Amino acid sequence: MEEKLKEIYESIEELRKESRARKTPDKLGWDDIAQEIIGAVTFALPFLFTEELWETAKDISVERSIAVLLMTLGVAYLFITKSRIGNLKREELFHIPKRLLTVTAIAYLISAVLIYVYGINSLADFTPGQYVNTTILISTFAVIGAITVDMVK
(Lines give C-alpha, C1' and ligand atoms only; values in the text may rest on other atoms or scores of the structure.)
Protein backbone atom coordinates (compact mmCIF):
# COMPACT_ATOMS: atom_id res chain seq x y z
CA MET A 1 0.00 0.00 0.00
CA GLU A 2 2.81 2.39 0.93
CA GLU A 3 4.52 1.66 -2.35
CA LYS A 4 1.38 2.57 -4.29
CA LEU A 5 1.03 5.81 -2.35
CA LYS A 6 4.66 6.63 -3.04
CA GLU A 7 4.08 6.09 -6.78
CA ILE A 8 1.01 8.32 -6.67
CA TYR A 9 2.92 11.10 -4.87
CA GLU A 10 5.76 10.86 -7.39
CA SER A 11 3.27 11.07 -10.24
CA ILE A 12 1.63 14.12 -8.69
CA GLU A 13 5.01 15.80 -8.23
CA GLU A 14 5.90 15.06 -11.85
CA LEU A 15 2.63 16.62 -13.01
CA ARG A 16 3.36 19.73 -10.90
CA LYS A 17 6.77 20.10 -12.52
CA GLU A 18 5.26 19.75 -16.00
CA SER A 19 2.59 22.31 -15.12
CA ARG A 20 5.21 24.80 -13.94
CA ALA A 21 7.27 24.20 -17.08
CA ARG A 22 4.24 24.98 -19.28
CA LYS A 23 3.55 28.19 -17.41
CA THR A 24 7.16 29.39 -17.78
CA PRO A 25 7.35 31.91 -20.65
CA ASP A 26 9.25 30.76 -23.74
CA LYS A 27 12.62 32.48 -24.00
CA LEU A 28 13.90 33.28 -27.49
CA GLY A 29 16.21 30.48 -28.60
CA TRP A 30 17.49 28.66 -31.64
CA ASP A 31 14.32 26.59 -31.86
CA ASP A 32 12.35 29.83 -32.20
CA ILE A 33 14.74 31.11 -34.88
CA ALA A 34 14.25 27.87 -36.84
CA GLN A 35 10.47 28.23 -36.54
CA GLU A 36 10.65 31.82 -37.74
CA ILE A 37 12.70 30.76 -40.78
CA ILE A 38 10.23 28.00 -41.62
CA GLY A 39 7.28 30.38 -41.26
CA ALA A 40 8.90 33.10 -43.35
CA VAL A 41 9.80 30.74 -46.19
CA THR A 42 6.41 29.02 -46.14
CA PHE A 43 4.44 32.25 -46.30
CA ALA A 44 6.78 34.04 -48.75
CA LEU A 45 7.03 31.36 -51.44
CA PRO A 46 3.47 31.55 -52.79
CA PHE A 47 3.70 35.31 -53.23
CA LEU A 48 7.18 35.15 -54.72
CA PHE A 49 5.84 33.64 -57.93
CA THR A 50 2.89 36.00 -58.35
CA GLU A 51 3.24 38.27 -61.36
CA GLU A 52 0.62 40.65 -59.96
CA LEU A 53 2.91 41.30 -57.00
CA TRP A 54 5.81 41.97 -59.39
CA GLU A 55 3.73 44.51 -61.29
CA THR A 56 2.60 46.15 -58.07
CA ALA A 57 6.23 46.38 -56.94
CA LYS A 58 7.13 48.05 -60.24
CA ASP A 59 4.32 50.59 -59.98
CA ILE A 60 4.39 51.40 -56.27
CA SER A 61 6.24 54.51 -55.11
CA VAL A 62 9.02 54.44 -52.55
CA GLU A 63 6.80 56.33 -50.11
CA ARG A 64 4.06 53.71 -50.34
CA SER A 65 6.60 50.95 -50.02
CA ILE A 66 7.91 52.55 -46.83
CA ALA A 67 4.31 52.88 -45.60
CA VAL A 68 3.80 49.14 -46.19
CA LEU A 69 7.03 48.45 -44.31
CA LEU A 70 5.91 50.56 -41.34
CA MET A 71 2.44 49.01 -41.31
CA THR A 72 3.97 45.54 -41.36
CA LEU A 73 6.26 46.41 -38.46
CA GLY A 74 3.32 47.90 -36.56
CA VAL A 75 1.16 44.82 -37.01
CA ALA A 76 4.11 42.58 -36.08
CA TYR A 77 4.75 44.66 -32.96
CA LEU A 78 1.11 44.39 -31.89
CA PHE A 79 1.06 40.69 -32.66
CA ILE A 80 4.17 40.00 -30.58
CA THR A 81 3.52 42.32 -27.64
CA LYS A 82 -0.26 42.53 -27.28
CA SER A 83 -1.68 39.22 -28.46
CA ARG A 84 -1.93 36.44 -25.96
CA ILE A 85 -1.44 33.61 -28.42
CA GLY A 86 1.93 32.36 -27.22
CA ASN A 87 3.45 32.22 -23.77
CA LEU A 88 6.46 34.37 -24.69
CA LYS A 89 9.01 35.85 -22.36
CA ARG A 90 9.27 39.61 -22.71
CA GLU A 91 12.83 40.20 -23.91
CA GLU A 92 13.97 43.54 -25.24
CA LEU A 93 17.03 45.05 -26.87
CA PHE A 94 17.09 48.87 -26.78
CA HIS A 95 13.39 48.85 -25.80
CA ILE A 96 12.48 46.83 -28.90
CA PRO A 97 11.19 43.26 -28.51
CA LYS A 98 13.89 40.78 -29.54
CA ARG A 99 11.34 38.68 -31.40
CA LEU A 100 10.37 41.67 -33.50
CA LEU A 101 14.02 42.16 -34.43
CA THR A 102 14.61 38.51 -35.29
CA VAL A 103 11.33 38.10 -37.17
CA THR A 104 11.93 41.25 -39.20
CA ALA A 105 15.55 40.45 -40.01
CA ILE A 106 14.73 36.86 -40.98
CA ALA A 107 11.67 37.75 -43.08
CA TYR A 108 13.33 40.54 -45.06
CA LEU A 109 16.56 38.62 -45.58
CA ILE A 110 14.73 35.49 -46.70
CA SER A 111 12.50 37.45 -49.07
CA ALA A 112 15.47 39.22 -50.67
CA VAL A 113 17.43 35.98 -50.99
CA LEU A 114 14.47 34.05 -52.46
CA ILE A 115 13.91 36.74 -55.09
CA TYR A 116 17.55 36.41 -56.09
CA VAL A 117 17.83 32.61 -55.86
CA TYR A 118 14.73 31.95 -57.97
CA GLY A 119 15.79 34.57 -60.53
CA ILE A 120 12.67 36.67 -60.10
CA ASN A 121 14.82 39.81 -60.27
CA SER A 122 16.01 39.08 -63.81
CA LEU A 123 12.74 37.49 -64.89
CA ALA A 124 10.71 40.56 -63.93
CA ASP A 125 13.54 42.94 -64.91
CA PHE A 126 13.54 44.92 -61.67
CA THR A 127 15.49 48.08 -61.05
CA PRO A 128 17.20 48.23 -57.63
CA GLY A 129 14.26 50.25 -56.25
CA GLN A 130 11.74 47.75 -57.60
CA TYR A 131 13.80 44.93 -56.06
CA VAL A 132 13.51 46.63 -52.67
CA ASN A 133 9.76 47.21 -53.22
CA THR A 134 9.28 43.54 -54.07
CA THR A 135 11.25 42.50 -50.99
CA ILE A 136 9.07 44.71 -48.80
CA LEU A 137 5.81 43.41 -50.31
CA ILE A 138 6.79 39.75 -50.04
CA SER A 139 8.15 40.31 -46.54
CA THR A 140 4.74 41.52 -45.40
CA PHE A 141 3.55 37.94 -45.67
CA ALA A 142 6.86 36.46 -44.49
CA VAL A 143 6.76 38.50 -41.26
CA ILE A 144 3.25 37.34 -40.41
CA GLY A 145 4.20 33.75 -41.25
CA ALA A 146 7.33 33.87 -39.12
CA ILE A 147 5.44 35.26 -36.14
CA THR A 148 2.58 32.80 -36.50
CA VAL A 149 4.75 29.70 -36.69
CA ASP A 150 6.92 30.95 -33.81
CA MET A 151 3.98 31.70 -31.50
CA VAL A 152 1.84 28.65 -32.15
CA LYS A 153 3.31 25.59 -30.48
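The values are calculated or read from the model by the stated rules, or taken from the named source; none is laboratory data. Just so you know, these numbers come straight off a predicted model, no measurement behind them. Neighbour counts run over all protein chains shown; Cβ positions are idealised from the backbone, glycine included. SASA here: full protein model, heavy atoms, side chains in, ligands and nucleic acids out. Shrake-Rupley method; radii C 1.70, N 1.55, O 1.52, S 1.80 Å.
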Only loop residues by DSSP count here, and only those with at most 15 other Cβ atoms within 10 Å; note down the chymotrypsin sites (Phe, Trp or Tyr not before Pro) in segment 35-72 that meet that. Phe49
Solvent-accessible area per residue for segment 27-152 at a 1.4 Å probe radius, Å²? 56
Counted charge near Val143, where neighbours are those whose Cβ lies closer than 12 Å (Asp, Glu -1; Lys, Arg +1): -1
